[in-house]
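The values are calculated or read from the model by the stated rules, or taken from the named source; none is laboratory data. Source: prediction; values computed, not measured. Note that each Cβ is placed from the backbone with ideal geometry, even for glycine, and that neighbours are counted across all protein chains shown.
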Amino acid sequence: MRCRLGLGFLTICWIAVAVTATAQQNTGTILGVVKDSSGAVVPGAGITILNEETSLTRTVTTGENGAFRAPALPVGHYTVRVELVGFRSQVQRGLILEVAQELVVNPTLEVGAVPQEEVVVSGEAPLVNTTSSALGSVVNEQSMSDLPLNGRNYVDLTMLQPGVSQQTLATTGGGATASGTWFSANGAPVRSNNFTLDGAPMMNAAAAATASEAGTTLGVDGIREYKVVTSAFSAEYGMVMGSQTVMVSKNGTNLWHGDVFEYMRNSALDARNFFDYRTSSGGRRLPLFQRNSFGGSFGGPIKKDKTFFYGVYEALRQNLGVTILDNVLPAACHQLVNPGTSNTTLANPAGCAPALTSSTVVPQVIQPFLDLYPVPNLPANQFTFPSSSRQREDYGQIRVDQNFSA
């Protein structure tokens with residue numbers, strides 16, 4: 001279950017149940033062809049695929065052409081074991097399956113009569129993708145944890161991907177829907193990007209990532225990795241023509257793991273902006289700015305090899321002082337002679353505007369609107385006043401996995 005409390009005091013909660021299907025938006029596939037040392041295909045070989053983190057096991061058999069395919073596998077670290085009578089077993093460890101990836105493993109069996117004999121192969125599979133023409137890059141678990149994120153916004157990491165350019169001009173729509181980081185993939189419109197987390201849509205009403213008014217997308221600690229598919233993606237995605245951001249949440253494993261964090265920013269550590277005045281800062285050196293982003297995550301086994309959980313909580317507390325600098329009417333425009341009548345004039349017409357004279361009449365219907373404009377308190381007919389924006393966000397996420405095959 002995932003819950004998010006936004007700045008407009010709107011809470012959106014939903015429960016997402018993942019159902020295994022042939023589509024691999026939030027999973028991956030391990031496939032390949034088994035051959036013997038002479039290069040001939042080997043039909044009927046047993047393939048056992050083991051998730052090293054949760055002990056999830058998938059068993060398939062090679063077909064007449066020696067090929068096998070195991071779809072809808074959760075991302076993670078895998079061991080592939082190939083067995084057939086008359087051949088020595090082969091075990092390949094250290095395989096890393098990423099989101100929306102088709103990982104090719106082509107074992108080569110050696111003839112051997114002793115059943116206990118096996119060939120152990122360690123290392124990663126080839127990085128060249130020979131199964132799909134789609135273009136995209138993966139922001140893996142290491143990048144998610146190691147790269148700095150100012151504001152806890154995972155979309156910032158998307159800017160590092162080829163073909164992605166950030167939208168720097170103001171977006172249309174306004175309000176909370178225009179918050180966050182906007183980008184274009186290979187020149188497509190900025191509203192042509194789709195976001196999913198574990199297969200569930202994560203877009204707001206403006207067809208953008210679900211950023212808050214503070215520009216954050218909390219829950220970074222709950223994302224294991226994600227892939228940005230920028231071109232030639234298959235029909236299983238659909239929806240948009242720009243890019244597909246396919247995210248996978250973190251899951252619990254047989255090991256306990258978690259973290260606690262606190263990020264702090266404070267105006268006491270900042271330099272004064274050129275436009276910051278003591279008048280606009282309530283007598284302070286510069287406007288008040290206090291930002292605390294904190295939270296933690298924790299996960300592990302409820303029952304080893306069977307049931308796992310992973311929970312995340314993140315929060316933001318921000319008090320942002322804003323420097324307001326407005327151009328207003330000169331003070332002379334507020335100095336009226338015979339106010340409230342039909343022959344009201346200005347005491348200093350030239351001070352209000354050079355084109356005005358002592359015979360210029362201020363219409364009675366206009367006079368009340370003059371009071372809506374404040375009197376300047378800075379040179380050059382400018383007005384400033386202290387202002388602040390208070391923001392509070394709370395984000396919670398929990399994932400529970402049940403392994404039915406162990």
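Scanning the stretch 82-105 for residues that are assigned to a strand (DSSP E or B) and without any contact (Cβ under 8 Å) to a residue 60 or more places away in the chain yields Val82, Glu83, Phe87, Arg88, Ser89, Gln90, Val91, Gln92, Arg93, Gly94, Ile96.
Restricting the stretch 354-379 to residues that are surrounded by 14 or more Cβ atoms within 10 Å (Cβ to Cβ) and without any contact (Cβ under 8 Å) to a residue 40 or more places away in the chain, the residue that is farthest from Asn338 (Cα to Cα) is Leu356.
Kindly indicate the residue of the stretch 25-41 that is in a loop (DSSP other than H, G, I, E, B) and touching an Asp or Glu at 6+ places or on another chain (Cβ under 6 Å) and also surrounded by the most Cβ atoms within 10 Å (Cβ to Cβ) among those meeting that condition. I'd like the intermediate steps shown before the answer.
Applying the first criterion (in a loop (DSSP other than H, G, I, E, B)) to the stretch 25-41 yields 25-27, 34, 37-40.
Going one step further and asking which of them are touching an Asp or Glu at 6+ places or on another chain (Cβ under 6 Å), we end up with 26, 37.
Working: Asn26: 22, Ser37: 10.
Checked the stretch 25-41; the qualifying residue surrounded by the most Cβ atoms within 10 Å (Cβ to Cβ) is Asn26.
Scanning the stretch 24-42 for residues that are within 29 Å of Gln244 (Cβ to Cβ) and over 27 Å from the mean Cα position of the chain (by Cα) yields Leu31, Gly32, Val33.
Condition first: surrounded by fewer than 18 Cβ atoms within 10 Å (Cβ to Cβ), under 28 Å from Ser389 (Cα atoms) and β-branched (Val, Ile, Thr). Can you find one or more residues in the stretch 209-217 that meet it? Full working, then the answer.
Let us first name the residues in the stretch 209-217 that are surrounded by fewer than 18 Cβ atoms within 10 Å (Cβ to Cβ), namely 213, 215.
Of the ones still in play, those that are also under 28 Å from Ser389 (Cα atoms) are 213, 215.
Narrowing further to those that are β-branched (Val, Ile, Thr): none.
Checking the stretch 209-217: not a single residue is surrounded by fewer than 18 Cβ atoms within 10 Å (Cβ to Cβ), under 28 Å from Ser389 (Cα atoms) and β-branched (Val, Ile, Thr).
State whether the residues of the stretch 342-353 include one that is surrounded by 13 or more Cβ atoms within 10 Å (Cβ to Cβ) and closer than 30 Å to Leu286 by Cα. No, because not a single residue in the stretch 342-353 is surrounded by 13 or more Cβ atoms within 10 Å (Cβ to Cβ) and closer than 30 Å to Leu286 by Cα. Looking across the stretch 307-318, the residues that are farther than 18 Å from Asn153 by Cα and crowded, with 16+ Cβ neighbours inside 10 Å come down to Phe308, Tyr310, Gly311. Would you say Ala331 is exposed (fewer than 14 other Cβ atoms within 10 Å of the Cβ) and more than 29 Å from Val220 (Cβ to Cβ)? It is false that Ala331 is exposed (fewer than 14 other Cβ atoms within 10 Å of the Cβ) and more than 29 Å from Val220 (Cβ to Cβ). Scanning the stretch 269-305 for residues that are modelled with pLDDT of 90 or more, of a type in the set (D, E, K, R) and either touching a Gly at 6+ places or on another chain (Cβ under 6 Å) or crowded, with 16+ Cβ neighbours inside 10 Å (or both) returns a single hit, Arg291. Restricted to the stretch 380-405, and to residues there that are basic (Lys, Arg) and under 20 Å from Ser212 (Cβ atoms), the residue that is surrounded by the fewest Cβ atoms within 10 Å (Cβ to Cβ) is Arg390.
For Gly44, state whether it is loosely packed, with under 15 Cβ neighbours inside 10 Å and assigned to a loop (DSSP other than H, G, I, E, B). So Gly44 passes the test. Just a yes or no: is a residue in the stretch 242-254 assigned to a strand (DSSP E or B), farther than 29 Å from Ala185 by Cβ and touching a Gly at 6+ places or on another chain (Cβ under 9 Å)? Scanning the stretch 242-254 turns up no residue that is assigned to a strand (DSSP E or B), farther than 29 Å from Ala185 by Cβ and touching a Gly at 6+ places or on another chain (Cβ under 9 Å). Cβ separations smaller than 6 Å between residues 6+ apart or across chains give the following pairs from the stretch 181-206 residues that are free of Cβ contacts under 8 Å to residues at least 24 places away in the same chain to residues that are in a strand (DSSP E or B) and of a type in the set (A, V, I, L, M, F, W, C): Met203/Phe195.
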